[in-house]
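Throughout, read-outs are computed from the coordinates displayed, never taken from laboratory work. The model shown is predicted, which means the values in this text are computed figures rather than measured ones. Virtual Cβ from ideal backbone geometry, glycine too; neighbours counted across all protein chains shown.
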Amino acid sequence: MRLIGLLLTVIVAGLISTPVYAHYLWLNVDNYYPKAGEEVTFSIGWGHKFPEDSQPRAEMVEKLNLYLIEPEGKKLALEIKAKGEEGVEPIKVKLGKPGTYLAVLTRATFSSKTTEGYFYKPKNQLKNVLKSSWSETVAKAVVTAGSPEGETFKKEVKQRYQIIPLQNPAELKVDDYLPVKILLDGKPYRTWVYATYAGFSAEGDTFAYTTRADKEGIAKVRILKSGVWLIKVSDEIPYPNPKEADNYSFKSTLTFEIK
């Protein structure tokens, strides 16, 4: 009986601690290694299957912000236009200078699940709310035009929760490790880090590599294969005003290509 009770306790604990996977954002780039002066096209990934899944709804697109940090640190705002009720028009930009660029996509909004579907409102403005959160997302992409000059790739942005690559992916090859740092409110944050590459799996929330950041917020992702990669982290912590939301929902992704 004691053994059965212990097994039930372990099973229940495992069920409680199993993460709930939510949709997340990432940036796709048609060419991560253009020549200086060439145009690249950004598109927005949304869902559970990298690199292609569903499309963000128009009401979400309105809440997105995208900008490009150039090799010398200058920030260039990029316009995002909804493509009908779902999807985003291609976002094109010419990379005029040689060096490494960092594209940054952000979103910060209430997100509530009700019996009628999802709404971008706090739960005190809705009825029959099942779950509500203040959701913050940062999606980054590293693009190198010509030679990998500068350290823009590891620039810390203003958002609360983010992945920072500590080495330029352009300098890595298969079997190398990419060190990344996870920050929450500017401080190192220990959490699980998931990574995958395009073509690894057609299943949702399936990753090729999993590791955990240490107390310094640093994790090392082994590059198993050449191609386009995604690194993802996510966490939830209690929200201070339970009338508006149950928790903060933080997500961050990083995309890059290994030649």
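What the table shows:
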quantity	calculated
Tail fraction, Cα-Cα pairs, the chain, threshold 24 Å, whole percent	50
Over 25 Å between alpha carbons, listed pairs Lys131/Lys154; Lys81/Lys187; Lys92/Lys187; Lys187/Lys251; Lys97/Lys259; Lys83/Lys225	Lys131/Lys154; Lys81/Lys187; Lys92/Lys187; Lys83/Lys225
Computed over region 157-259, Kirkwood Rh from alpha-carbon pairs, angstrom	14.5
Distance between region 233-259 and region 71-148 - C-alpha centres, whole angstrom	13
Helix-only mean residue ellipticity at 222 nm for the chain, each DSSP H run of n ≥ 4 adding -39500 (n - 2.57), per residue, nearest 500	-2500 deg cm²/dmol
Unit Cα scatterers, Debye sum, region 114-212: log10 I(q)/I(0) for q = 0.14, 0.15, 0.19 Å⁻¹	-0.77, -0.85, -1.10
Gained length - Lys97 relative to Tyr177, 0.36 nm times residue gap less alpha-carbon distance	26.0 nm
For region 53-96, fraction of C-alpha pairs farther apart than 11 Å, in %	69
Mean separation of Cα contacts under 8 Å, 6 or more apart, over the residue count of the chain: relative contact order %	18
Nonlocal amide H pairs with Ala208, under 5 Å, H built at 1.01 Å	Ala195, Thr196, Tyr197
Efficiency of FRET from Cβ geometry, Asn128 and Leu76, R₀ 35 Å, rounded to 0.05	0.25
Gyration tensor (alpha-carbon) shape descriptor, region 171-228, a/c threshold 1.5	oblate
0 to 90° range, to nearest 10: angle between helix 2-17 axis and the chain longest Cα axis	40
